[in-house]
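The structure appears below as structure tokens.
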Amino acid sequence: MKKSIKFILIGIIAVLAIGYTVYSMTKPLEVKATKVEKADLISDFKEDAIVVSEDSYTISPPYDAKLTFIVEQGANVKSGELIASMDDVDLKNQKSQLSAQLKSVGGQQAMSKSPVYDSQVESLNIAIAMGKDQIARLETSYERAKALYDSGAIPKVEFEAAENALHDAKNQVKLKESELALIYESAAEKPGTSTYYSGQKEALQAQIRTIDEKLAKTKIYAPASGVITKSNAKSGAFVSTMTPIIELSSATQTVARANVLVQDAAALKLGQNVTVTQKIRNEEKHYPGTIVKISDYANTMQSPLGLEEQRVEVDVAFQSEEKLFLGYDLSLTIETMRKNSVIALPKTTVFEIDDKKYVWKIDGQTLKKQEVETGYESDFDYEITQSLSEGDLIILDPNDAQLEEGKKVKY
């Protein structure tokens, strides 16, 4: 009897176990599902930015010298207003020295010529004229002596005396003419002398012109109205042309400037839309903006972690309802991709098997492992290009171990 009761109990337990197993297998699995809908697929990234002037001017000294005045950083200035002045004492001294050298060169050139004295020239001209008159008289005497000698009226000695006198007179005239020619030849400028002194004069005059140009720039005026955002020197300090002393920014034309990683900058283009975020106390205001400038080169910068990064300067134009000061911190949200009204799913709903993408689709009340084709993607979503339609139901968590093909579900 006891054995019969025992077998009956075992049978009841077995039936209950089988029944529970059958019930468990046929009971629908409770799941969380979502309906496939069309949405805007957007990919973007954020960057910090600051308000800067669209028109800024970096001003360096016109020459190396001491500053006698410089405007203070933060000052508002108007176009044409004096913002710095340079000491010009050394320049004026240099100009005086060069002017003196120029006069000296002119004097040296004048001294290089031998003077021609009018009295000396006049004396020689008189001697030559008198010599020529004497030659004329001696030629007459010579002709008469020759005729007398030929007729035997005078001896040969007298004829030769007349001949020698004429010869000596001609030689004297030639000598005086040679002396006169030598005076003019000595006074003539030697070849290359004019070129030599002209070159020296031109070099000195060029230096004087350079100094005059610098003297015209001893006072530095604001090229535009704006704010002095940097003043890198003090009055009395020696400054160099190699180092800028003032940065002037126009306060009327401002942009948001960000330094974007090169891999993100490669996807940007002029005219691209940007959302500019301005934080005012605990409130955030958002303004539409447009990329107006992308730098042609990348700068090496350090990240907050101390790593070197290549970043590109990007300017965004926008209009703010609030007053913005130069240097104000902003945040930019930059779209790199937008696909409007496409079937999109969270990446967390998609799983991969052998490099193929799948979702768990609810077909009626039964699970189906559905392969899908994806297109564009954002940081969090996929565009689904095939296999799903608007209104289809899919499982939110595809990693649940209880999910299997043909499983009945409820949601």
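When the charge dipole of the chain is built from unit charges on Cβ atoms (+1 for Lys and Arg, -1 for Asp and Glu) and taken about the Cα centre, the candidate among VAL173, THR290, TYR149 whose Cα reaches farthest toward its positive end is THR290. Just to confirm the filter: which chymotrypsin sites (Phe, Trp or Tyr not before Pro) across region 320-364 are DSSP coil and have at most 14 other Cβ within 10 angstrom of their Cβ? Passing sites in region 320-364 are PHE325. Computed from point charges on the beta carbon alone (+1 for Lys and Arg, -1 for Asp and Glu), the dipole magnitude for region 60-150 about its Cα centre is near 200 Debye.
Taking the charge dipole of the chain about its Cα centre, with +1 at Lys and Arg Cβ atoms and -1 at Asp and Glu Cβ atoms, the residue from LEU182, GLN109, ILE42 reaching farthest to the positive side is ILE42. Over the chain, Cα pairs under 8 Å with separation of 6+ residues give a relative contact order of 29 percent. The equivalent ellipsoid that matches the C-alpha gyration tensor of region 26-86 spans semi-axes of 66, 13, 11 angstrom, in descending order.
Distance from the alpha carbon centroid of region 147-218 to that of region 376-411 works out to 116 angstrom.
Helical content of the chain, expressed as a calculated mean residue ellipticity at 222 nm, amounts to -12000 deg cm²/dmol (DSSP H runs of 4 or more residues, -39,500 (n - 2.57) each, divided by residue number, nearest 500). Measuring nothing but how far apart in sequence close Cα pairs (under 8 Å, 6+ apart) lie, relative to its length, region 114-188 scores a relative contact order of 50 percent.
Think of each Lys and Arg Cβ as +1 and each Asp and Glu Cβ as -1; about the Cα centre, that makes the dipole of the chain roughly 1480 debye. Taking other C-beta atoms within 10 Å as the exposure proxy, ARG137, ARG257 rank ARG137, ARG257 from fewest upward. Once the gyration tensor of the Cα atoms in region 114-188 is diagonalised, the equivalent ellipsoid follows with semi-axes of 36, 10, 6 Å, ordered largest first. Pairs exceeding 24 Å between alpha-carbon atoms, taken from LYS219/LYS323; LYS78/LYS269; LYS35/LYS285; LYS78/LYS234: LYS219/LYS323; LYS78/LYS269; LYS35/LYS285.
Here the dipole of region 268-317 is about 220 debye; that uses its Cα centre as origin and unit charges on the Cβ of Lys and Arg (positive) and Asp and Glu (negative).
Taking only the C-alpha atoms of the chain, Rg followed by Dmax gives 53.9, 213 Å.
The numbers here are math on the coordinates, done by the rules we state, and not lab data. Treat the numbers as computed from the prediction; the structure is a model and nothing was measured. Note that we place each Cβ from the backbone using ideal geometry, even for glycine, and neighbour counts take in every protein chain shown.
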